[in-house]
Each structure stands twice: as structure tokens, then as C-alpha cells.
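Worksheet for the structure shown next.
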Amino acid sequence: MNKSDKEAMEKEEKATVATNDEPEINYRGWKAMPFIIGNETFEKLGAIGTLANLLIYLSTVFNLKSITAATMINVFNGTTNFGTLVGAFLCDTYFGRYKTLGFATAASFLGLLAIQLTAAIPELHPHRCAAKESGECEGPTTGQLAFLLMGLGLMIVGAGGVRPCNLAFGVDQFNPKTEAGKRGIDSFFNWYFFTFTFAQMVSLTLIVYIQSNVSWAIGLGIPATLMFIACVVYFVGSKIYVKVKATGSPMTSVAQVIVVAIKKRKLKPVEQPWLSLFKYFPPKSINSKLPYTDQFRFLDKAAIVTPQDEIKGDGSPADPWRLCSLQQVEEVKCLFRVLPIWASQIMYCVTLVQLHTYAVFQAVQSDRRLGNSNFKIPAASYVVFMMLSLTIFIPVYDRAIVPFLRKIRAKEGGITILQRIGIGMFVSIFTMLVSGMVEQHRRSIALTKPTLGVVPRKGAISSMSASILIPQFILGGLTEAFASIGLIEFYYKQFPENMKSIGGSLFYCGLAGSNYFSSLLIFIIHRTTNRTATGNWLKEDLNKGRLDYYYYIIAGLGILNLGYFLLCASWYKYKGNSDNTPELELHVNGEKQQLDKP
């Protein structure tokens with residue numbers, strides 16, 4: 001962002017908005033970002049610094065088998081991501097984003113502290129397993145596992161509040177009614193991910209190295225300390241934040257529309273619904289007014305006025321469980337339109353799950369030596385190449401590609417959000433194909449050429465350089481740059497304003513679905529292939545399995561998913577856009593009014 005743009009945006013952000021008798025809102029825009037993005041950076045440095053190597057930690061310190069550790073990680077990630085829906089609901093309904101973030105950051109700190117204690121205190125983890133090729137090692141006791149799960153539970157609570165609210169809280173600092181605010185919001189999505197990814201890179205290199213090669217106690221103590229700093233940074237900026245208050249449960253309105261539509265299902269549809277349906281817009285609503293759309297027309301019946309329906313003097317319905325407004329109906333339609341797109345995210349994110357689990361196991365059984373030295377790059381650190389790819393590409397995309405596409409296509413973002421997501425899904429298919437080919441090559445070398453020793457409880461180390469894994473991680477970073485960022489922006493912009501936190505949680509719910517689907521897929525592959533002539537594809541020793549076949553199956557499912565997404569995208573109508581309700585401007589007493597055109 002150049003200096004003139006930033007100065008113009010900050011100047012325009014000083015504009016205040018006053019409605020009715022409510023106090024003025026002083027938007028600080030980019031001035032609040034050092035505290036919000038700083039909090040996010042330290043929070044991610046802490047959380048990712050633990051989670052990135054948690055798979056290895058469970059395998060080496062808690063002596064869990066690889067398939068058990070991978071399943072546990074998938075279930076933990078899935079529960080964490082689904083927890084964001086609960087956090088978003090509590091945020092929007094009761095507490096607001098500021099209080100939710102404060103509580104969640106503190107819970108994350110306590111969770112990380114508990115996990116650090118499992119490494120620092122010998123009584124909280126099983127005895128270290130001796131280095132040997134095979135054999136059973138002493139597993140954790142019930143008490144040790146319970147203490148670990150308590151720490152993970154606190155991290156679930158923390159992530160459930162931080163993940164859906166942090167992005168929306170940052171956007172709250174910009175004035176959405178000014179051009180500078182709108183540009184700030186668009187750039188914020190990209191730069192938010194830039195800092196987020198930078199934190200991931202540091203975690204996956206420095207912190208993971210300390211954990212794997214120096215000390216687990218010290219390596220897990222660093223993330224806990226960083227999370228404490230995140231708490232401090234967040235509360236230091238309290239005085240300059242725009243704190244949007246909770247407006248009550250937005251899901252109540254959704255439930256009302258569905259219930260009333262079912263009650264009135266026998267009514268005949270009205271002609272020219274944009275004129276005939278009941279219209280009421282609450283004066284203090286933070287939502288933007290939506291035009292009529294002709295999708296999900298069965299919901300329109302919730303806004304049909306019957307002789308039994310009573311209307312108050314202020315124009316609102318006497319019983320909202322018997323009559324809903326056209327605005328309410330259109331807000332529910334926004335939610336319904338997003339859900340098919342969300343379903344496609346579940347299959348897309350399966351690719352990302354593999355890059356954080358089985359791709360790490362690929363690195364474990366590859367030559368990770370740096371050049372001719374004896375220094376070995378930690379297996380979990382190879383994920384940093386995915387972050388590096390994303391970090392390099394985002395500024396190029398935001399400052400070069402988008403302005404270029406904006407000029408030639410005359411669109412605000414250069415390409416539409418759905419086009420950006422589709423490109424990312426297309427790249428994810430190639431990511432899995434490349435992963436399969438690399439694994440096939442790694443396995444072939446391990447079986448036909450001299451190996452470099454044996455990984456305890458796994459198998460022989462292939463002499464293939466682990467650097468060959470880098471292309472699949474680079475492709476994974478490009479996939480996230482297009483699809484993951486696009487999906488988060490899509491959910492945020494397409495949900496009604498009073499459901500932004502819930503919209504933000506939808507991305508993480510998609511990740512949760514991917515984690516659970518991956519666990520199910522692993523279970524099916526494990527049970528099915530275990531009885532075949534080729535043997536189990538997902539053996540503890542990758543050299544004896546066929547992980548490449550597993551990757552090819554995911555690529556095939558990705559092709560089917562891309563076709564489904566393209567169908568949904570061609571049908572989708574963006575919020576606020578309608579081909580069925582053109583409007584005329586009417587000036588009354590010098591004020592511009594909107595008049596629906598039949």
C-alpha cells in the first residue's frame with residue numbers, strides 16, 4: 001500500500017456516523033491494525049507453534065501410533081473448527097466481538113500452558129520410547145491423557161472465539177459507507193492473511209526446530225509466552241477499538257422465516273412479489289437493505305400478508321412468528337445461497353489436511369539433510385514452503401495482479417470472488433496429483449536403492465531428497481491464496497451484517513468437515529485395502545503402503561467437486577444483486593427515495 005493511498009484512507013476513516021440518538025462512531029481504520037494484527041500475529045505464533053508439531057509430539061512423546069495420532073489431530077482440528085460456530089453465535093447474540101476475543105485469547109493461553117506442562121513435567125507424559133524399528137512402547141496413562149486433553153480442550157474454547165471474530169473485528173474498524181473504508185476492507189483480507197502466514201512461517205521453522213532438536217519443554221513454552229503477549233497487545237489497544245455491540249440472536253430471525261413459511265405453505269404465490277410482499281425495515285438495523293430475488297421462492301410466503309396478520313403503528317408485525325418482512329426473507333435467502341458453495345469447501349480442504357498430516361510423514365521417511373551437512377530439517381517445517389508461497393504471492397496479487405485485472409475487466413476485485421475460489425480448487429487437484437507422483441518416486445527409491453537408516457516404529461528412510469516435496473507445498477500455498485482467502489471473503493461479504501461472525505465461522509466449519517471427512521476416508525481406505533492383495537495403503541511404514549494411490553483418489557474426488565462447484569457458481573446470485581427488481585429513484589422534499597419498479 002503506497003503512502004498516498006494510506007493517507008487518503010486514514011483521512012476518510014475519520015468520518016463519523018451518527019444515527020438517531022446513538023453516539024458517533026469514530027473509525028480508526030489502519031490506526032487500529034497494529035493492535036489487532038499484532039494480537040493475531042502473536043496468537044498464531046503461539047497456537048501454530050504448538051499445533052504444527054503436535055502430530056510429531058503425540059507420536060514421539062506420547063508414543064501414539066501414526067494412524068492414531070493423525071486421527072486424533074483430525075478430530076481435534078474438526079472439533080476446534082466446529083467450535084467456531086458456537087463462539088460466533090455467543091458473540092453475535094450476547095457478548096460482542098471485543099469481549100469474546102478477550103476471553104478466547106486468555107483460554108488459548110491457558111491451553112498452551114497446560115500442553116507445555118505435559119512436556120516439562122515427567123509425570124505428565126509416558127517414558128520415552130527406545131529407538132527401535134518395531135515393538136510396542138508404553139502409552140500414556142489415563143491421567144496423562146486427561147491432562148493433555150484438558151489443554152487441547154482449552155485451545156478449542158480459545159480458537160472457537162478467536163477464529164470467527166478476529167477477522168470480523170478487524171473489519172469493524174473500517175467505515176463501510178466510505179470508499180476508503182471499502183478499499184481498506186478489501187486490502188485487509190489480503191494483508192490479514194499475509195501476517196497470518198508470516199506467523200506460520202516463523203512457527204514452522206524456529207519454534208518447530210527448537211521443539212524437535214532442543215527441548216519440547218522449551219519449544220512448547222515459547223508459544224505459551226507468545227500467547228500471553230497476544231493478550232497484553234490486545235487489551236492495550238482497547239481505547240481505540242470500534243466495539244460493535246451484540247444485537248441479539250440473528251438465528252431467531254432465520255427460524256421465524258422458516259417457521260412462518262411452513263405455516264403459510266398452502267398460500268398461493270403473489271404476483272409481483274417485490275411490490276406485494278410485506279415490507280418493514282427496523283430503523284436501528286445494522287444490515288443493508290436487500291432487493292427481492294426470485295430464488296427460494298417458497299420462503300416468500302413468510303412475507304405474504306393475510307387478513308389474520310396484525311401490523312403495529314410503526315409498521316412492524318404484531319407477531320413476528322406469523323408474519324415476516326421481505327428483508328428477513330432475503331437475509332435467509334443469503335444464508336441458503338451460501339450453503340451449496342460451503343459444501344464444496346469440505347472436499348477442497350481435504351487437500352490442505354493431507355499437506356499437514358501425511359505429507360509430513362513423507363518428509364519423515366525422506367532425506368532431510370541440508371546439503372552435505374548433518375543438519376536435518378524438521379519434518380513439520382516443510383509446511384513452511386506452503387506458507388512461503390502464500391506470503392510471496394499475496395502482495396503480488398494485491399498490488400499487481402488485481403490492479404491489472406481491474407483495468408482490463410472493469411471489476412472492483414479484478415475477478416469475481418467465485419472465480420478466485422474456482423481457480424484455487426483447480427490448483428488443489430494438481431497439488432494432489434503432484435503429491436502422488438512424488439510419493440511414488442520416494443517409495444520406489446526406498447525399495448530399490450540403499451536407504452539412510454530407519455525411523456523408529458516406521459521404516460527405512462528413502463535416499464530421495466525431501467526437497468522434492470517442495471513443489472506440492474508451493475502448489476498448496478497457491479491453492480490457499482486463491483480459494484481459502486476467497487472463501488473467507490465470500491462468507492463475510494455475502495452474509496447479512498448482523499451475522500458476520502457466523503459467516504466467519506463457516507470457513508472453519510468447512511475445515512472441520514474436511515478433517516472429519518479425512519478421518520472417515522482414512523478409515524475406509526484402511527479397512528478396504530487391508531483385505532486386498534496389495535495390502536494396506538496407509539501402513540505405518542509408508543514404504544510398505546501405497547500413499548500415492550490415496551492421493552490420486554483425493555484428486556479424483558477433487559475433479560468431481562470442481563464440477564459441482566462450477567454448477568453452484570453459475571447459479572449463484574451475489575447479495576444485493578437482482579435481475580428481477582429494478583428500482584427507480586424518486587426525490588421527495590429534496591431527499592432521495594427508492595421506488596420499486598414493477
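The values are calculated or read from the model by the stated rules, or taken from the named source; none is laboratory data. Worth saying up front: this structure is predicted, and the values here are computed from it rather than measured. Note that we place each Cβ from the backbone using ideal geometry, even for glycine, and neighbour counts take in every protein chain shown. All accessible areas refer to the heavy atoms of the entire protein, side chains included, with ligands and DNA or RNA removed. Shrake-Rupley method; radii C 1.70, N 1.55, O 1.52, S 1.80 Å.
Which of the following residues is of a type outside the set (A, V, I, L, M) and in contact (Cβ under 8 Å) with a residue 24 or more places away in the chain: GLN328, GLN308? Within the list GLN328, GLN308, the selection yields GLN328.
The residues of segment 256-301 that are touching an Asp or Glu at 6+ places or on another chain (Cβ under 8 Å), modelled with pLDDT under 85 and either open to solvent by 80 Å² or more (accessible area, probe 1.4 Å) or among the aliphatic types (A, V, I, L, M) (or both), listed by number, are LYS284, ILE286.
Within segment 393-412, residues that are open to solvent by 40 Å² or more (accessible area, probe 1.4 Å) and modelled with pLDDT under 80 reach partners that are among the basic types (Lys, Arg) and part of a helix (DSSP H, G or I) with beta carbons closer than 8 Å, at six or more positions or on different chains, in the pairs GLU412/ARG406. Picking from residues in segment 206-223 that are polar (S, T, N, Q) and closer than 22 Å to GLY111 by Cα, the one that is surrounded by the most Cβ atoms within 10 Å (Cβ to Cβ) is GLN211.
To keep it simple, each residue is scored yes or no on (1) in contact (Cβ under 8 Å) with a residue 60 or more places away in the chain; (2) within 23 Å of GLN345 (Cβ to Cβ).
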residue	(1), (2)
SER428	yes, yes
THR431	yes, yes
VAL455	yes, no
SER467	no, no
SER501	yes, yes
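For segment 245-255, the count of residues that are within 30 Å of TYR57 (Cα to Cα) and surrounded by 18 or more Cβ atoms within 10 Å (Cβ to Cβ) is zero. Here GLY459 fits the description: assigned by the TED database to the domain that holds ASN372, open to solvent by less than 10 Å² (accessible area, probe 1.4 Å), over 16 Å from the mean Cα position of the chain (by Cα) and modelled with pLDDT under 85. Among the residues examined, ASP309 does not qualify as open to solvent by 50 Å² or more (accessible area, probe 1.4 Å) and either farther than 25 Å from TYR572 by Cα or among the basic types (Lys, Arg) (or both).
Pairing each residue of segment 82-105 that is of a type in the set (Gly, Ala, Ser) with any residue that is surrounded by fewer than 23 Cβ atoms within 10 Å (Cβ to Cβ) and not in a helix (DSSP H, G or I), provided the two are 6+ apart or on different chains, yields C-beta distances under 7 Å for GLY96/LYS243; GLY96/VAL244; GLY96/LYS245; GLY96/ALA246. The single residue among GLY503, GLY486, GLY477, GLY513 that is assigned to a helix (DSSP H, G or I), open to solvent by 10 Å² or more (accessible area, probe 1.4 Å) and out of contact with any His (no Cβ under 9 Å at 6 or more places or on another chain) turns out to be GLY513.
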